[in-house]
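K.L.:
Here it is, the structure in full.
A short reminder: the numbers here are calculations on the coordinates, not readings from a lab. Quantities reported herein were computed from a predicted structural model and do not represent experimental measurements. Every residue, glycine as well, gets a Cβ built from its backbone with ideal geometry; the counts of neighbours run over all protein chains shown.
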Amino acid sequence: MIYLDNAATGGYKPASVTETACSVIKYLNANVGRSGHRLSKTASDYVYSCRKKLAEFFGAESPSRVIFTKNCTESLNIAVHGGIKGGKVLTSTLEHNSVLRPLFTLEKEKIITLCVIEPENKRYITLSDIQKHFDNSVTAVCLNAVSNVTGESVNLKEIGGFLKGKNALFIVDGAQAGGHVPLNIKEQNIDMLALAGHKGLNSIQGVGALILSKRANPSAVYQGGTGTESFNTLQPDCYPEKLESGTLNLPAICSLEEGVRYAEKNLSYIGTELYSYTDYLVKNLAMIESVKVYSNPNRFGIVSFKIESFPSAEVAEILSSKYDIAVRGGYHCAPLVHKMLKTEEDGLVRASLCMHNTKRELNLLISAVKEISSF
């Protein structure tokens with residue numbers, strides 16, 4: 001099958017990632033930080049090594065500020081429910097439900113006042129959009145680095161620079177950006193950066209991360225065993241134990257370190273290749289009569305489009321069953337984007353690429369879309 005659904009989960013895994021995960025499953029079935037025997041200590045060393053690599057790659061103050069979760073959604077829930085204590089919160093119509101649902105829950109519980117900003121340019125949030133709605137009551141700004149629907153990106157450094165020295169936390173959903181472009185919480189003044197391991201960071205499924213700045217201090221959302229302070233009836237107040245309870249996903253974490261190393265080595269090449277591929281796909285799809293493209297060329301591999309009078313889910317099903325091409329149709333867990341784009345009735349077809357896709361595969365997709373549009 002031609003796999004063009006990398007924004008949902010990465011289809012290609014480097015050999016070092018899968019080999020590491022398999023080796024850990026086979027030879028290192030031990031619980032991190034729970035026992036004093038050699039296998040447990042070795043497992044703890046591996047986890048620390050991954051924390052250290054992520055701290056270096058994403059600009060964390062120390063490895064202890066790297067929190068492992070099961071996915072980006074969990075990371076965002078910890079950031080929102082643990083980090084926002086009240087006040088006014090700014091977010092945008094471009095966000096994924098992993099941001100929207102926790103925020104709307106806090107609003108429903110009357111903990112926050114929520115302001116959802118629709119970008120003036122109808123594409124991406126700008127500093128001007130933020131400034132128009134910012135005042136002294138704002139306690140947090142929650143934005144994705146990249147829209148998972150259109151592939152449009154935000155100038156994090158510019159917005160982070162504006163927020164520097166203010167009392168508002170900057171929470172960033174990096175699900176689609178991690179492993180595609182440089183992300184650095186110091187340089188971009190990000191307080192909490194949520195990441196998905198299994199997308200651009202190349203890990204197997206089952207691990208995410210939350211990278212904290214030195215001023216971020218979210219409350220524990222979960223409580224439980226940490227292997228430390230066992231007689232303390234409350235959750236430890238030190239990181240990472242404050243936000244990590246229970247058994248960690250050791251194979252996934254070890255695979256994540258290898259995935260980050262791979263992304264780090266190829267970061268510039270990945271972005272260049274994906275920009276070239278999306279440019280090619282955008283131009284060729286736009287030339288097909290009755291096809292409308294909603295993405296611009298981008299470094300994230302995301303191209304969304306619709307065929308006039310065809311529901312997006314139906315197009316995705318035809319591409320799968322007749323042409324053996326994997327894409328995603330529907331609303332991509334981002335309802336407000338579709339309302340803004342006026343595609344809430346039929347949704348969009350999203351092709352999302354990785355650098356290991358080929359021009360031949362793109363041409364087969366273009367040819368298939370031409371045939372479907374002529375039905």
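K.L.:
How large is the charge dipole for the range 15-263, taken about the Cα centre, if only the Cβ atoms of Lys, Arg (+1) and Asp, Glu (-1) carry charge, to the nearest 20 debye?
P.N.:
Details: 26 positive and 23 negative charges, 58 e Å.
Roughly 280 debye, rounded to the nearest 20.
K.L.:
Report the relative contact order of the chain, percent, no decimals, based on alpha-carbon pairs under 8 angstrom and at least 6 residues apart.
P.N.:
Numbers: 783 pairs, mean separation 83.8, N = 375.
Here the relative contact order equals 22 percent.
K.L.:
What is the range 29-112 by shape, rounded, prolate or oblate, if you read a ≥ b ≥ c off the alpha carbon gyration tensor as root eigenvalues and call it rounded for a/c under 1.5, prolate for a/b larger than b/c, and oblate otherwise? Intermediate results must be reported in sequence, preceding the final value.
P.N.:
Values: a/c = 2.99, a/b = 2.33, b/c = 1.28.
Prolate shape, in that a/c is at least 1.5 and a/b is the bigger ratio.
K.L.:
How far is helix 97-108 tilted, in degrees, relative to the longest principal axis of the Cα atoms in the chain, given as a value from 0 to 90 rounded to the nearest 10?
P.N.:
Once rounded, one gets 70 degrees.
K.L.:
I've got another one for you. Got a sec? Charge dipole of the range 55-195, +1 on Cβ for Lys and Arg, -1 for Asp and Glu; which of THR150, GLN176, GLN188 is way out at the positive end?
P.N.:
Working it through, the farthest residue towards the positive pole turns out to be GLN188.
K.L.:
For the range 155-223, just say rounded, prolate or oblate: build the C-alpha gyration tensor, square-root its eigenvalues into a ≥ b ≥ c, call rounded for a/c under 1.5, and beyond that prolate if a/b exceeds b/c, oblate if not.
P.N.:
Values: a/c = 3.02, a/b = 1.29, b/c = 2.33.
Oblate, because a/c is 1.5 or more while a/b does not exceed b/c.
K.L.:
Round to a whole angstrom and tell me the spacing of the C-alpha centers of the range 1-60 and the range 163-183.
P.N.:
Between the Cα centres of the range 1-60 and the range 163-183 lies a distance of 23 Å.
K.L.:
Additional query: What dipole magnitude, in Debye to the nearest 20, does the range 238-277 give about its Cα centre under +1 on Lys/Arg Cβ and -1 on Asp/Glu Cβ?
P.N.:
Details: 3 positive and 6 negative charges, 10 e Å.
Here the size comes out at about 40 debye.
K.L.:
Additional query: Which value, in debye to the nearest 20, describes the size of the charge dipole of the range 219-375 about its Cα centre when Lys and Arg Cβ atoms bear +1, Asp and Glu Cβ atoms bear -1, and nothing else is charged? All intermediate terms of the calculation are to be shown ahead of the outcome.
P.N.:
Values: 15 positive and 19 negative charges, 116 e Å.
The calculated dipole for the range 219-375 is roughly 560 debye.
K.L.:
Taking only the Cα atoms of the range 15-263, how large is their convex hull per residue, in Å³?
P.N.:
Values: hull volume 28.2 nm³, N = 249.
Dividing the Cα hull volume of the range 15-263 by its residues yields 113 Å³.
K.L.:
Let me ask you something else. What is the log10 of I(q)/I(0) for the range 76-159, computed with the Debye formula using one identical point scatterer on each Cα and no solvent, at q = 0.21 Å⁻¹?
P.N.:
Normalising to I(0) and taking log10 leaves -0.99.
K.L.:
Still on this structure, I have one more. Suppose a student asked you for the relative contact order of the range 14-170, using Cα pairs under 8 Å spaced at least 6 residues apart; what percent would you report?
P.N.:
Values: 170 pairs, mean separation 25.4, N = 157.
Reported as a whole number, the value is 16 percent.
K.L.:
Between the range 219-241 and the range 249-264, what is the C-alpha centre distance in whole Å?
P.N.:
Centre-to-centre distance over Cα atoms comes out at 25 Å.
K.L.:
Determine the shape class of the range 106-232: with a ≥ b ≥ c the square roots of the Cα gyration tensor eigenvalues, call it rounded for a/c under 1.5, and otherwise prolate if a/b is greater than b/c, oblate otherwise. All intermediate terms of the calculation are to be shown ahead of the outcome.
P.N.:
Values: a/c = 1.83, a/b = 1.26, b/c = 1.45.
It is oblate, given that a/c is not under 1.5 and a/b is not larger than b/c.
K.L.:
Percent of Cα-Cα pairs more than 12 Å apart in the range 216-261, please. Mind dumping the intermediate values first?
P.N.:
Working: 666 of 1035 pairs.
Cα-Cα pairs of the range 216-261 separated by over 12 Å account for 64 percent.
K.L.:
Then there is this: Summing Lys, Arg as +1 and Asp, Glu as -1, what charge do residues with Cβ under 12 Å from the Cβ of GLU314 carry, GLU314 excluded?
P.N.:
In short, 0.
K.L.:
Placing +1 on the Cβ of each Lys and Arg and -1 on the Cβ of each Asp and Glu in the range 287-375, which of PRO297, SER367, LEU341 has its Cα farthest towards the positive end of the resulting dipole?
P.N.:
The residue sitting farthest along the positive end of the dipole is PRO297.
K.L.:
With a 10 Å Cβ neighbour count serving as the proxy for reagent exposure, in which order, fewest first, do ILE78, ILE171 appear?
P.N.:
On the way: ILE78 25, ILE171 28.
By the 10 Å Cβ count, ascending, the order reads ILE78, ILE171.
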